[in-house]
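Engineer: Next up is a structure, given as structure tokens.
Laboratory data are not the source of any read-out in this text; all were calculated from the coordinates shown. Bear in mind the structure is a predicted one, so any value in this text is a computation, not a measurement. Every residue, glycine among them, receives a Cβ derived from its backbone with ideal geometry; neighbour counts consider all protein chains shown.
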Protein chains: 2
Amino acid sequence: MNIKARVAEIAKNAKKAATALARLSSDAKDRALLDMAEALTRQTGLLMRENAKDLEKATQMGLSAAMIDRLVLNESTIEGIAKGLKEVAGLPDPVGKVTSMWRRPNGLLVGRMRIPLGVIGIIYESRPNVTADAAALCLKSGNAVILRGGSEAINSNIAIAKILQSVLTKRAIPEEAIQVIPMTEREAVREMLQLEEYIDVIIPRGGEDLIRAVVNESKIPVIKHYKGVCHIFVDVGADFDMAVNICMNAKTQRPGVCNAMETLLVHQDIAGKFLPLAASHLKGAGVVLRGCDRTRRILKDIEQAKEEDWYQEYLDLVLSVRVVDDLDAAVAHIEKYGSLHTESIVTNNYQNAQRFLNEVNSSTVLVNASTRFSDGFELGLGAEIGISTTKLHAFGPMGLEELTTTKFIIYGNGQVRT
Amino acid sequence: MNIKARVAEIAKNAKKAATALARLSSDAKDRALLDMAEALTRQTGLLMRENAKDLEKATQMGLSAAMIDRLVLNESTIEGIAKGLKEVAGLPDPVGKVTSMWRRPNGLLVGRMRIPLGVIGIIYESRPNVTADAAALCLKSGNAVILRGGSEAINSNIAIAKILQSVLTKRAIPEEAIQVIPMTEREAVREMLQLEEYIDVIIPRGGEDLIRAVVNESKIPVIKHYKGVCHIFVDVGADFDMAVNICMNAKTQRPGVCNAMETLLVHQDIAGKFLPLAASHLKGAGVVLRGCDRTRRILKDIEQAKEEDWYQEYLDLVLSVRVVDDLDAAVAHIEKYGSLHTESIVTNNYQNAQRFLNEVNSSTVLVNASTRFSDGFELGLGAEIGISTTKLHAFGPMGLEELTTTKFIIYGNGQVRT
């Protein structure tokens, strides 16, 4: 069978499995998840052997140490994966939840009930733990999943999927509920993205290039975020200690992630005092600053920020800094250069806090807290399948509920329309 | 300026207007809507003169009487439009509503707040009332709208938009909040569907061909339904009077709409008694029946239903009828041939009612009520901008809330991640 036909068969089988999955009880799903956690731990040896093949090839191909590090499966990473599955088993099941119900004047009782989306395609890069994490979230939310990982993790991903499938079979759940695309050719992804008849949504996880390629080729709706150009605005009257603490956390705690701060905006009335203080901390942590003209009048030794810096997701210990006139100027800057991801204000002014929350329409907007909280776990969603910066369906961190939709359910007693 | 550039300018201006719209108070929006209702009524003469141009051209082009009928603006239809705008003014504003809020262990207060989607593109066919209706719903939900109606209503649509815009200007709201594409060329739509940078969602309203064409060309997410192949399953033990009444209403009250019944499924144990009774009523109303073999053993004079009949949206006084073994067979039939639109069960069996509601994952599922209730007004949404049969973002009838999304808002007091 050629690649096209094989991918189509995978997708068709996923759709068939989805019907059965949608009707599974929470108990049945949770028991399968707990069994999967146990099976992965029990098969640590097998997983490490398969993973060794990927690691060997990665070394031969000269992948960076950081990339190879993300590939590794060992006792501790496998234990981490198993723990994640157990946690998903412990989360509330969104499926079947009636989110609201009301009575119509004609006596009809109308409600909205959560149901799975159907078949979810996940396209991701090297980390093999995503295979198990994403599969668990899709199973828990009653969705079939088709997983397409990076070619550098193919042996690890196939091994993980086989173990998960063996548990499904033992529990009389269709094994096509969780499928890894076993071909590493680009053509397989391209074909997958055409199958709108079988696949309901595509979630790409990875760098901006991967995501743009998926969006351009897909006929299926894509839930995505391209990048996180996150801002912190330090208002006049802000508590300096709090502001420095939040900025340090947002920039340096994990600079390579999408919810790290990339641009610092400072109110002109405090810039002269706040910037030297913040700069001393940031530079102490190795952060390179790039400033606007007004910033450089205060911090004379830093680089000039160019126009393109304001659009930049550095994902590194680099920060662009701008002095702004007031809250309006800060909001306007975010509106122009932001990526609709995450923005925070540090302020003691009640009205400015409320205005920032109301007027900034990024997916996550904070007052007096680090941008790093823009995360499904940190916000209390219990899990995170990804972050969306497009407004349709989901906006911001996505948990289990975002893998469902609602249908209308209506209890009548003979009503007809007049 | 060429068509491409003009459409791009319209879209760019819409996006600019969207920022201002998102911040408008409910009062400001409602006052504008009430003014618009008044202005349309006051300008009845002008509207009828512009509409006459469209009617004349439609007659010359030999459009059907039904199509011309849908084009007409007169005192009564304009009064109807104005009444619609006043009703939208009276609906609750979804924007700014905090749908839920919770406290995290670290003290963060996390909530989700409704915000507008941004810029909405509506593509529709001849009825000029859609121009005002859709504009009102978008304005109320804080969205800018770009309207592309049928060429046969172009003068009417432009006239309506001009009147609405004059109210916006008087109330200091950017007039680009409501724009009609004034060019009738196909190229204008094609260009509109490429502008993902400026337009957030496309809602096509019309026949299946229009919608498929839009989906195929659009880079922007499309909220759509292709067709409504709606089913009623009459269970063993159902109240026959109620079942006949519901079937008659669902099939004959307005056969040309998407929530009319297209296929009747009857439990085998009652088919011998129920089918003759139902057939006598349906035939009396002019309905042509097409049956499966078992149906035709009972109703000997009806046509044979072919395989393609089960997929058919007749939009006419035609009904396909099938005898099924039981609830499972009915659910399986709906799963195979249905369009995820609307299905109803008529039953007195508690367990079957609950199973039908749980197992049928169409966008609207009813017990003992007509499929014709699948409608935003009838379900209590206050309005309807369209119906979605794809699961992403909205599923089923869409009201004002479906023209919004939610962002996370977070109140902290200095929290950082550890």
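Engineer: Kindly write out, for the stretch B:371-385 in residue order, the coupling ³J(HN,Hα) from the Karplus curve 6.51 cos²θ - 1.76 cosθ + 1.60 (θ = phi - 60°), rounded to whole Hz, with x marking Gly and Pro.
Structural biologist: 4, 5, 6, 6, 6, x, 5, 5, 8, x, 7, x, 6, 9, 9
Engineer: So for chain A, taking the charge dipole from beta-carbon charges (+1 Lys/Arg, -1 Asp/Glu), which of A:L46, A:I120, A:Y311 sits furthest toward the positive end?
Structural biologist: A:I120
Engineer: Using a 7 Å offset from Cα along the direction of the beta-carbon, what are the separations from A:Q268 to the same position in each other copy, nm, ascending?
Structural biologist: 8.3
Engineer: Could you work out the equivalent-ellipsoid semi-axes for the stretch B:207-292, taking the square root of 5 times each eigenvalue of the Cα gyration tensor, largest first, in whole Å?
Structural biologist: In descending order the semi-axes read 33, 13, 11 Å.
Engineer: Here's something else I'd like to know. Sum up the charges of everything whose Cβ sits under 10 Å from the Cβ of A:A188, counting Lys and Arg as +1 and Asp and Glu as -1, but leave A:A188 out.
Structural biologist: Surrounding charge for A:A188 is +2.
Engineer: Another question, if that's okay. Dipole of the protein assembly as shown, Cα-centred, from +1 at each Lys and Arg C-beta and -1 at each Asp and Glu C-beta, to the nearest 20 debye?
Structural biologist: 380
Engineer: Using the C-alpha gyration tensor of the stretch A:3-224, what are the square roots of 5 times its eigenvalues, in whole angstrom, with the largest one first?
Structural biologist: Ellipsoid semi-axes (Å, largest first): 31, 22, 15.
Engineer: A further question on this structure: Rounded, prolate or oblate, given the Cα gyration tensor of the stretch B:230-378, with a/c below 1.5 counting as rounded?
Structural biologist: rounded
Engineer: Under 15 Å from the 7 Å Cα→Cβ point of A:E75, by amide nitrogen: which residues of the stretch A:30-61?
Structural biologist: Label zone hits: A:41-49.
Engineer: Which chain A residue puts its Cβ closest to the axis that rotates A onto B, and at what distance in whole Å?
Structural biologist: For chain A, the closest residue to the axis carrying it onto B is A:H393, 2.
Engineer: Once the other residues with Cβ under 15 Å from the Cβ of A:L210 are scored (Lys, Arg +1; Asp, Glu -1), what is the net sum?
Structural biologist: +3
Engineer: What is the Cα radius of gyration of the protein assembly as shown over 2.2 N^0.38 Å, N being its residue count?
Structural biologist: 1.01
Engineer: Pairs of alpha-carbon atoms within less than 8 angstrom and 6+ residues apart define the contacts here; what relative contact order does the stretch A:230-378 have, in percent?
Structural biologist: Reported as a whole number, the value is 33 percent.
Engineer: Name the residue farthest towards the positive end of the dipole of the protein assembly as shown from the options A:N74, A:L210, A:A11, assuming +1 on Cβ of Lys and Arg, -1 on Cβ of Asp and Glu, about the Cα centre.
Structural biologist: A:N74
Engineer: Between A:S26 and A:L109, take the C-beta separation as r, use R0 = 41 Å, and let me know the FRET efficiency to the nearest 0.05.
Structural biologist: After rounding, the FRET efficiency stands at 0.95.
Engineer: If you don't mind, another one. Quick one: of A:K170/A:K219; B:K29/B:K83; A:K97/B:K391, which pairs are farther than 24 Å apart, Cα to Cα?
Structural biologist: A:K170/A:K219
Engineer: Just to be sure I understand: of the beta bridges DSSP finds with both ends in the protein assembly as shown, what percent are antiparallel, rounded to 5?
Structural biologist: Roughly 25 percent of the beta bridges in the protein assembly as shown run antiparallel, per DSSP.
Engineer: Moving on to the next point. Take B:L317, A:L164 and order them by how many other Cβ atoms sit within 10 Å, fewest up front.
Structural biologist: The most exposed by this proxy come first: B:L317, A:L164.
Engineer: For chain A, what does the helix formula give at 222 nm: sum of -39500 (n - 2.57) over DSSP H segments with n ≥ 4, over the residue count, nearest 500 deg cm²/dmol?
Structural biologist: The helix contribution divided over chain A gives -13500 deg cm²/dmol.
Engineer: Out of all DSSP beta bridges in chain A, what portion is antiparallel? Express it as a percent rounded to 5.
Structural biologist: Bridges in chain A are about 30 percent antiparallel.
Engineer: If you take every residue apart from A:K16 with its C-beta less than 11 Å away from the C-beta of A:K16, what net charge results, scoring Lys and Arg +1 and Asp and Glu -1?
Structural biologist: Around A:K16, the surrounding residues sum to -1.
Engineer: Taking beta carbons within 10 Å but only from partner chains, what does the mean come to for residues A:293-302?
Structural biologist: Shielding by partners across A:293-302 averages 0.
Engineer: With +1 on the Cβ of every Lys and Arg and -1 on the Cβ of every Asp and Glu, and nothing else charged, how large is the dipole of the stretch B:1-114 about its Cα centre, in debye rounded to the nearest 20?
Structural biologist: Result for the stretch B:1-114 is approximately 940 debye, rounded to the nearest 20.
Engineer: Right, next: For chain B, modelled as a GNM with alpha-carbon contacts under 10 angstrom, which of B:N143, B:N157, B:N216 fluctuates the most?
Structural biologist: B:N216
Engineer: Let me ask something additional. Kindly express, to the nearest 10 degrees and within the range 0 to 90, the angle between helix B:268-284's C-alpha long axis and the longest C-alpha principal axis of chain B.
Structural biologist: Between helix and principal axis, roughly 60 degrees.
Engineer: Ok, one more. Residues of B:389-398, mean number of Cβ from any other protein chain within 10 Å of their own Cβ, rounded to a whole number?
Structural biologist: 6
Engineer: For B:F373, A:F356, A:F377, what's the fewest-to-most ordering of other Cβ within 10 Å of each Cβ?
Structural biologist: Lowest count first: A:F377, A:F356, B:F373.
Engineer: Two decimals is fine: what's Rg over Rh for chain B, C-alpha atoms, Kirkwood radius as Rh?
Structural biologist: Answer for chain B: 1.03.
Engineer: Only Lys, Arg, Asp and Glu count, each charged at its Cβ (+1, +1, -1, -1), so figure out the dipole size of the stretch A:230-378 about its Cα centre, rounded to 20 debye.
Structural biologist: Taking the Cα centre of the stretch A:230-378 as origin, the dipole is about 400 debye.
Engineer: Something else: Order of B:R148, A:R212 from fewest to most other C-beta atoms within 10 Å?
Structural biologist: Arranged by neighbour count, lowest to highest, B:R148, A:R212 become A:R212, B:R148.
Engineer: Okay, next question. What is the helix-to-structure angle for B:3-22, meaning the angle in degrees between its Cα long axis and the longest Cα principal axis of chain B, kept from 0 to 90 and rounded to the nearest 10?
Structural biologist: Approximately 90 degrees, to the nearest ten.
Engineer: Give me the percent relative contact order of chain A, please, defined on Cα pairs under 8 angstrom at least 6 residues apart.
Structural biologist: It rounds to 17 percent for chain A.
Engineer: Shape of the stretch A:116-221 from its Cα gyration tensor (a ≥ b ≥ c, root eigenvalues): rounded if a/c is under 1.5, otherwise prolate when a/b > b/c, or oblate?
Structural biologist: Judged from the Cα gyration tensor, the stretch A:116-221 comes out oblate (a/c at least 1.5, b/c at or above a/b).
Engineer: Please determine, in degrees from 0 to 90 and to the nearest 10, the orientation of helix A:154-170 with respect to the longest principal axis defined by the Cα atoms of chain A, where the helix direction is its Cα long axis.
Structural biologist: Computed tilt is about 50 degrees.
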